[in-house]
Each structure stands twice: as C-alpha cells, then as structure tokens.
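For reference, the structure is listed below as structure tokens.
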Amino acid sequence: GAAISALTTATAQADVAVAARLSAPRIAFLNANDVWAVDTDGSNLERLTIDGGHKFNLRWMPDGRTVIYISGRCVQGIDFITKEAGTLTCFNSAEALDGFEVSPDSRYFAMSLNRILYIGDYNADRLKQATSPADLAAAANCLIYSGNSVKSLQWSRNGEQIAIIAFIPLGGGGGDSVRLFNVTCGAE
C-alpha cells in the first residue's frame, strides 16, 4: 500500500515537472557543433550533445521535446528532457541530405535527399528502415519533386503547404527560387 502510494505520488510529480518543462518556450541552437537548449528568458541553459560533429538543419519536432538535426547523411534526434539520443534515418550512399522536416501536426515528413524533395505520411519506424533513395521514394506517398535542386524546406504552420528553396539553372549560371506546394495525401 504505502510503497505503491509513494511511487504513484513520485510519478505524478515527475509528470508535472515534465509538463512544466514542455510548457516553457525554449530555443535550440548550435554552438561549436553541439546542440544546446535554453528557455527564452535565458534560464536552464543545457548542452544536449557533446560529440562536436558537424550538424545543421536544427528543428524541434512537433512533440516539443525532441530536437532533430542532420549530421552527415543521417537525421539524428535528442530528447531535451531525458537526453536520450537516436538516429531517425541514415542514407550513407546518398550524395546529399539537405533538409528534413516533420509537419506541425506530425502527419507528414519532407526530406531533400540528393536535391530531390520527398513528402509522405510520417511514420518513424518506416523512415528508420529507409536507407536508400528507392526506400525513401516508396515512403513518399504524397509527392516526389525533382524539377530543380531542392536546397531547403519549411512547413507552413498549419502543415498544409511546404516552401522550398531550389536552385534554378539559367543559361551559364542560375539562382535560387522559392516554390510553394500544397500537401494533401491520405494517411496509410
């Protein structure tokens, strides 16, 4: 009785502490190739990674507790509360992995792999199993866009559109262009 009651109380207190941490607005940033997080008022500065490996495309996942980033040709993530790190997916044989985003409602993923845009229903287990462009194409049940070299991408707040920056070759040169896509497809 008493041990179970104490455990229940401790679990409830831990849940309240986690909820408080998740409700505080936080900023994630890169410093010296490591991921850091801090509350917007400057408190609770935390270094989340210590490997010093090159990272870019830092993003918060919609869960509000996981920071994802690209390192090499892998999408990595770290839970800022538990400090648990993991790999979402890797494409070791790819030429370039330039961007990865999950829509604000966690419904879709978008990725720029080898400068091609892939959009599909977000399923972390399925993405973890994707290790080649062909695997990613199979998971991209919404859209594959290879018209121009896709350099970066960003979801709209409602998750219904995605903006990309793509390189458009023109004559002997070229330039960057912004394109906007409406995203509608059925979940599996």
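A few points about this structure:
- Dipole check for the range 54-98: with +1 at the C-beta of Lys and Arg, -1 at the C-beta of Asp and Glu, and the Cα centre as origin, the magnitude is about 100 Debye.
- A straight Cα-to-Cα reach below 18 Å connects Lys151 with the aspartates and glutamates Glu95, Asp98, Glu101, Asp176, residues fewer than 8 places away in its own chain not being considered.
- Under the criterion of Cα pairs below 8 Å and six or more residues apart, the relative contact order for the chain equals 11 percent.
- For the pair Asn158 and Thr131 in one chain, pulling the backbone fully straight at 0.36 nm per residue adds 6.8 nm over the alpha carbon distance.
- Sparse-neighbour loop sites [trypsin sites (Lys or Arg not before Pro); the range 116-160; at most 16 other C-beta within 10 Å; DSSP]: Arg157
- Residue list for the range 105-123, given a label point 7 angstrom along the Cα-to-Cβ vector of Arg179 and an amide N cut-off under 16 Å: 110-120
- Accessible area per residue was computed with a 1.4 Å probe on protein heavy atoms; Tyr108 scores about 10 Å².
- For a label point 7 Å along the Cα-to-beta-carbon line of Asp105, residues of the range 155-188 with backbone N under 17 Å: 155-163, 181-188
The values are calculated or read from the model by the stated rules, or taken from the named source; none is laboratory data. Computed from a prediction, not measured in an experiment: that's the story for all the values here. Neighbour counts run over all protein chains shown; Cβ positions are idealised from the backbone, glycine included. With ligands, DNA and RNA removed, areas are computed over all heavy atoms of the protein, side chains included. Shrake-Rupley method; radii C 1.70, N 1.55, O 1.52, S 1.80 Å.
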